[in-house]
Amino acid sequence: MSYLYSKKTLVILGFVILLIMPFVLAPFNLNLLGRFLAYAILALGIGVLWGYAGILSLGHGIFFGFGAYAMAMYLTLQSGGMPDFMGWNGITELPWFWAIFSNPIVAIVLAIAVPMLFAGILGFFTFRNRITGVYFTILTQALVIVVTTLIISQQQYTGGTNGITGFDTIFGYSLNSVTTQQMIYWTTVIFLGLVFLICYKLVNSRFGKVLIAIRDGENRTRFLGYNTSIYQVIVYSFSAGVAGLAGMLFVLQVGIITPSMMGIVPSIEMVLWVAIGGRGTLIGPVIGALLTNGASTWFSQTYPDAWLFFIGLVFVLVVVFMPKGIMGIISTIQARRRAKKYGKDRKEEAKLYNSSSI
Amino acid sequence: MKKYKWGIALFSSAFILSACAAGDEAADTGFGEASAGEDEQSDSEENSEEVVVDEDSIPVGLLHSLSGTMAISETSVRDAVMLAIDEINEDGGVLGKEIVPIVEDGASDEPVFSERASKLLQQDDVAAIFGTWTSASRQAVLPVVEEHNGLLFYPVQYEGMESSPNIFYNGAAPNQQIVPAVEWLFDNVGDSFFLLGSDYVFPRTANQIIQAQLDDLGGEVVREEYTPMGHTDYNTIISHIRDTEPDVIFNTLNGDSNVAFFNQLADAGITSDDVTVLSVSVAEEEIRGIGAEVLEGHYASWNYYQTTDTPENDTFVSNFKEAYGEDRVTGDPIEAAYFMVYLWAQAVEEAGTTETDAVREAASGITFDAPNGPVEIDGDNQHVYKTVRIGEVQGDGQFEEVWNSGEPVKPDPYLETYDWAEAIQ
Amino acid sequence: MEKIEKKKQSSTTVLQSEKLIVQFGGLKAINEFSFQLSDRELHFIIGPNGAGKTTFLDVLCGKTKPTSGNVLFKESIELGKLYEYQIVRKGVGRKFQAPSIFPSLSVMSNLEIAMKQQKGFWHILRAKLSEGDKEHIHEMLTLIGLKEESNRTAGTLAHGQKQWLEIAMVLMQDPELVLLDEPIAGMTEEEEEKTGELLRTIAKDRAVIVVEHDMDFVRKFADKVTVMHEGTWLCDGSMEEVQQNERVLEVYLGRR
Amino acid sequence: MSSVAMQIFNGISLGSVLLLVAMGLAITFGLMRVINMAHGDLIMIGAYVTYLMQVIFVQYIPEQFFDWYFILAIPAAFIIVAGIGMLLEFTVIRHLYGRPLDSLLATFGAGLILQQLIRTIFGAPNVGVQSPSFLQGSLEIFGLYLPFSRLFMIGLVIVCLGGLFIYLYRTRQGRRVRAVMQNREMATCVGISSRKVDSLTFAMGAGFAGVAGCTLTLIGPIGPTIGLNYIVDAFMVVVVGGVGALTGTVIGALGIGVFNTFFEYWTNASMGKVLIFALIIAFLQWRPSGLFSMKTRSLD
């Protein structure tokens, strides 16, 4: 029981470290860390969906993108009215689906609600028709193609491949000033903490156990009297909402969103962060997102020509030989140490009880 | 027990933080160990980690996609910038200092471009950034250079409608490539146009311009088609071409799709005798990927060809081949990437400092004898005066110039001097 | 003749199927099968491989939809028209042939989610394990002899223990009808005995249908036996009666 | 009328391209349940093998034999890419049987490595090959223009399908493959080495990717990242057709090809793409396991 106490302490400690980072890091690095943290929020959503409910979505890029676009549309409207691209695409009047984003509250709500609703509707039909596993995964890829192609081809409304950029203020403050960036960073950290807490409550409730049950035996769960498809819809929708939130925070720190950030490849990479960190845990996705993006920044700075080799190799090695990712290695080491301490006969037992829930 | 586990977790987060800070340290040690730097300098390679920046050198950023889909085009452009930097350094550098290139990979990903741009400006404190190719990546870098008052030199022709005080546009504006090409086609080939482009911003904007211009000239657009990125099946488009029988196909497809389109056009038995295709994104490098035999007799509109007949170009082509291999070819964006370094260097000499505002002021009116002929920076919009050239593809994959504008054309990114373009402005 | 008689006897019919047909492609897995089950009956279904026993259970629990005919549960509920989870909520529980427990959850959690409760997501999201629930689970653990293992990860249990856990999960739903598919497959003799006793205990409060191959086991514990053959009803009665039946001998021993 | 006929031909020809691309995947995904995201990159390598063959011919073989390079490139691409496939199976895939989603992620990583490998060897820019002269131009009948290259591809697809069919259903080795794919344990019991069969089957799937890459040089670009253009389409074909059913793959490919062509003809290329993928999503709601599916009775 005592370690449970210290586990929480350490998570809180990590959270506090993140909170004081603005006093430690240079603005550029802070901004970098901030966007990694936005990715970490996204990874948490995917982590719950994949690690606990066993649903692998390769289409989270679009939910992330929805959130990012919603925020970018709001920022554009309040920075300078109608976006430039509409002008030279012959649109003279702001279309209604842009106009509603001029209200910040509406924009923020929609950034989360639209992905949730979209995922909810798609999930409702898909899961009710018992499309799961590989089929669901491939279906989400088709979805990515549909959405990105649509966004690109509706250039007059979406900015096409150039996406939306060029906004520089938020609530009247310069988006690029150090103070604003610090505020945004703290907002991101706080939302990360909040999402973490919600996910923690979720997976440790009976709801979480039912999700694991669905992951390990969907049919069996159905024969226990659960309408599993509703559970899948809910968790898919939740995860999409988290992705929307992450997208919103991301665009505040990056200042641009384009369709290529929502495509097939980024969507797969998001899942790989979770795989590297460790699926079936909550700390895993956070660490995975931070570590992978940190490493890729560092590596491609140092060895721009060779980093694809490296990252490809890491993906392969982690998935093949460390299916539980970094967190898996940690718990293996831990089990081994425990075995050493208590003698060999406890070794097996040590393995049995490593059901970590964070 | 569990502490061990969390220790690792903390360790890894520390790793991330240090990764974030890695750039910082690199810059710091650079300044701190100035004296030790000279030895290393002699055997320094392209590796940015070994770059040593001291009072005798000026750091510049090279920001291109070296990985991902855009690496196809952008690596050659980076090579050209490196060539120019080496040449200038050999001639004694700028302000008597050596130019030190810091190479960053944009990875064909816009957030990475903006991130690397801020790294170059904030940590490496570069005097200028040479780079980006797609409009999306340029626009990702734009707010960053504006915020930090940096300079971006952009080497590619683009759709216009932009002029940032922190960007120098060295590629053609629409009025230096598209508008004269349409005029030439209308006068020499025919008046019915089939507009074909990839589904992104440049083709769509270009086609709006062409539409407006043809309306004014009395020409006709028989059909406008866009294909998604990476599209490889042009049978349906070719059917439309057969159905509409245009005189001209104005082609704004991007690199990859051109291969599929021209191959399939040739397979369908449609040759340059049946319909003239004029491309604005097909340069020498792309011809090698498409195959000269299917392109022979079709046209392109650029400001420069490898065959452009100037003494500067002879030197440029032979230097480029010497540096990177006999089999390499030059081309318009490569040439623009090359001369823009010289323009910057000259502006810095003029200003006597690398400070952005001073360089910007000094840059106005700077001229240079580029491989494509004389170029001049237009202080009003920071684009470049360039000669427009229309070339015909030959069997050896090179262009033969069939027309040129005679003198450098003043850049007009917003097409303000054209009455018919009012709706687009 | 026989059938009509039986109908009169059973005042509390739990389950009744009339001319049930299940067709897979051209194959009729169940062909005009009629079946009846009284409350608190430990009823075994036997028959050679491919007789349609498991398919019949599949129909009862909603995994397979009947091609024609229907099954009435408690005289009014048409099982053929409901989803699996709805059938469970009506009070039919099933244990599958291969032990299908949730390996990464603890024994306790396995039972917790199996427990009879409102299973809508909103309720589950807010659910807490009450003292009453805990007591109930512990009773069940005692019944199946896994009290000591309550915090163990279910995937690490021995084969027999998994089987019992799954039976317990079915019982936690407090069903009125329990369906068991070869519950003693792969068990040691000792475990078999224990399972048989468990079945008797279970059948005290509810009807139980067991599909089984092991004739000794059937003989020992069956109240009533139904023999299926090629998807049809062949005969029923006590084990002794069934064993005397000419047609059963034909089917099993190939005698003509 | 003739334009409708032309579009039907275009649809079939697009279908044949899709089928070529998807055939290898139908084997690895359909028979082995391995989701090979590196399939696109194997196609890419097939294309580079063709390029290499052309370079060899240009340098060492008299010019009048130039056209033969393409004929030789097809078996060469098959063998070389099959070899790479075998290596991939040995190093990565064999650890992932029964973990289809993991195989997707791992092969994505493997694909990145292959891309970078090719980029390091051949450089980032696209390379070009010249179509053999006998495949240039088109056949003109009834006012329709049928490009020889397209006719060749349709023919090649039929040959490949025929070969695959004969292999699977008429040879001992093929029977073994089917045995292992249907019931691995049983097959091992009767003395079939399932390791060997896995390895060969995956290699064969990869080999077909190589052939696809080779023929795609007739119509498309050759660059390190072209795999991405084809991979998702290939998956759609296999899923629509029904996993594990070759007939389904054929019908799926032709169906998608024809529908896509008509959508594109009536609207435009982008909308055509949106519509066809939306249709696939809708179709899967209706038939979650594709046109042809194998029913199993086991739980899950």
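Numbers for the structure displayed
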{"item": "Normalised contact order of chain D, rounded percent, pairs of Cα under 8 Å and 6 or more residues apart", "result": "37"}
{"item": "Cα-only Debye scattering, segment C:1-151: base-10 log of I(q)/I(0) at q = 0.11, 0.13, 0.18, 0.19 Å⁻¹", "result": "-0.58, -0.78, -1.17, -1.22"}
{"item": "FRET E, pair C:R219, D:R172, Förster distance 30 Å, beta-carbon r, rounded to 0.05", "result": "0.05"}
{"item": "Rounded tilt (10° steps) of B:255-267 against the dominant C-alpha axis of chain B", "result": "30"}
{"item": "Pairwise label distance in nanometres, B:D125 with B:D419, each label 7 Å out on the Cα-Cβ vector", "result": "5.5"}
{"item": "Shape metrics for segment B:134-289, restricted to C-alpha atoms - Rg then Dmax, Å", "result": "16.7, 54"}
{"item": "Fraction of beta bridges assigned by DSSP in chain C that are antiparallel (%, nearest 5)", "result": "55"}
{"item": "R0 of 60 Å, Cβ-Cβ distance A:N219-D:F122: FRET efficiency to nearest 0.05", "result": "0.75"}
{"item": "Relative contact order [Cα under 8 Å, 6+ residues apart], chain B, whole percent", "result": "15"}
{"item": "Shape category assigned to segment A:2-263 from the gyration tensor of Cα positions, a/c cut at 1.5", "result": "oblate"}
{"item": "Low-density loop positions, GluC sites (Glu not before Pro), segment B:240-326 - DSSP coil, at most 10 other Cβ in 10 Å", "result": "B:E326"}
{"item": "Pairs from C:K128/C:K194; C:K134/C:K162; A:K324/C:K116 whose Cα-Cα separation, in the structure shown, is over 25 Å", "result": "C:K128/C:K194; A:K324/C:K116"}
{"item": "Vicinal HN-Hα couplings computed from phi for segment D:170-184 (Karplus, 6.51 cos²θ - 1.76 cosθ + 1.60; Hz; Gly/Pro x)", "result": "10, 10, 4, 4, x, 4, 4, 4, 5, 4, 5, 5, 7, 8, 4"}
{"item": "Exposed-loop-free span, longest in chain D, where trypsin sites (Lys or Arg not before Pro) count as exposed if DSSP calls them loop and at most 11 other C-beta atoms lie within 10 Å", "result": "D:1-294"}
{"item": "Dipole-positive endmost among B:L62, D:W286, D:I276 within the protein assembly as shown (Cβ charges, Cα centre)", "result": "D:W286"}
{"item": "Rh (Kirkwood; distinct C-alpha pairs) - segment B:88-148, Å", "result": "12.4"}
{"item": "Spin-label zone in segment C:49-79 - amide nitrogen under 11 Å from a point set 7 Å from the Cα of C:Q23 along the C-beta vector", "result": "C:67-68"}
{"item": "Cα→Cβ-extended label distance, 7 Å offset, between D:I56 and A:T187, nm", "result": "6.1"}
{"item": "DSSP bridge pairs, chain B: antiparallel proportion in percent, nearest 5", "result": "35"}
{"item": "Overall Cα dimensions of the protein assembly as shown, principal axis frame, Å, largest first", "result": "111, 77, 60"}
{"item": "Amide hydrogen neighbours beyond the local backbone of C:R94, cut-off 5 Å, H modeled", "result": "C:L179"}
{"item": "Rounded to the nearest 20 debye, dipole of the protein assembly as shown from Cβ charges on Lys, Arg, Asp, Glu", "result": "11340"}
{"item": "Dipole-positive endmost among C:V248, C:G186, C:M169 within segment C:159-256 (Cβ charges, Cα centre)", "result": "C:V248"}
{"item": "16 Å reach of a label modelled at C:E250, 7 Å along Cα-to-Cβ, counting backbone N of segment C:202-234", "result": "C:227-234"}
{"item": "Under 12 Å, Cβ to Cβ, from D:K196 - net charge with Lys/Arg +1 and Asp/Glu -1", "result": "+1"}
{"item": "Top positive-direction residue, dipole computed over segment D:2-229 with Cβ charges, set D:Q182, D:I43, D:C214", "result": "D:Q182"}
{"item": "Residue-by-residue Karplus 3J(HN,Hα) for segment B:112-117, coefficients 6.51, -1.76, 1.60, Hz, glycine and proline x", "result": "5, 4, 5, 5, 5, 5"}
{"item": "Low-density loop cleavage sites - trypsin sites (Lys or Arg not before Pro) in segment C:163-214, where at most 11 other Cβ are within 10 Å (DSSP)", "result": "C:K204"}
{"item": "Student exercise, chain B dipole from Lys, Arg, Asp, Glu Cβ charges, in Debye to nearest 20", "result": "1520"}
{"item": "Estimated distance in nm for a label pair at D:S133 and C:T67, the labels positioned 7 Å out from Cα along Cα-to-Cβ", "result": "6.4"}
{"item": "Charged-residue dipole, Cβ positions (Lys, Arg, Asp, Glu), segment D:2-229 about Cα centre, Debye nearest 20", "result": "860"}
{"item": "Total lysine pairs whose alpha carbons fall under 29 Å of each other in chain B (8 or more apart, or interchain)", "result": "4"}
{"item": "Euclidean distance between Cα centres, segment A:1-80 to segment D:1-74, Å", "result": "43"}
{"item": "Spatial extent of segment D:2-229: Rg and Dmax, with the Cα atoms as the point set, Å", "result": "18.6, 60"}
{"item": "Residues with amide H under 5 Å from that of B:S198, placed H, sequence gap 5 or more", "result": "B:T227, B:T252, B:L253, B:N254"}
{"item": "DSSP beta bridges in the protein assembly as shown [antiparallel fraction, %, rounded to 5]", "result": "50"}
{"item": "Segment C:18-79: GluC sites (Glu not before Pro) in DSSP coil with no more than 14 other Cβ atoms inside 10 Å", "result": "C:E75"}
{"item": "Angle between chain A longest axis and helix A:133-153 axis [Cα atoms, degrees, rounded to 10]", "result": "20"}
{"item": "Residues A:Y157 and D:F165, FRET efficiency given R0 of 56 Å [Cβ-Cβ distance, rounded to 0.05]", "result": "0.70"}
{"item": "Alpha-carbon Rg with Dmax, taken over chain C, Å", "result": "18.6, 63"}
{"item": "Set of segment A:80-111 residues, backbone N closer than 12 Å to the point 7 Å along the Cα-Cβ line of A:T169", "result": "A:80-81"}
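Taken together, the values in this text are just the output of simple stated rules run on the coordinates, not laboratory data. Keep in mind that what you see is a predicted model, and the values were worked out from it rather than measured. Every residue, glycine as well, gets a Cβ built from its backbone with ideal geometry; the counts of neighbours run over all protein chains shown.
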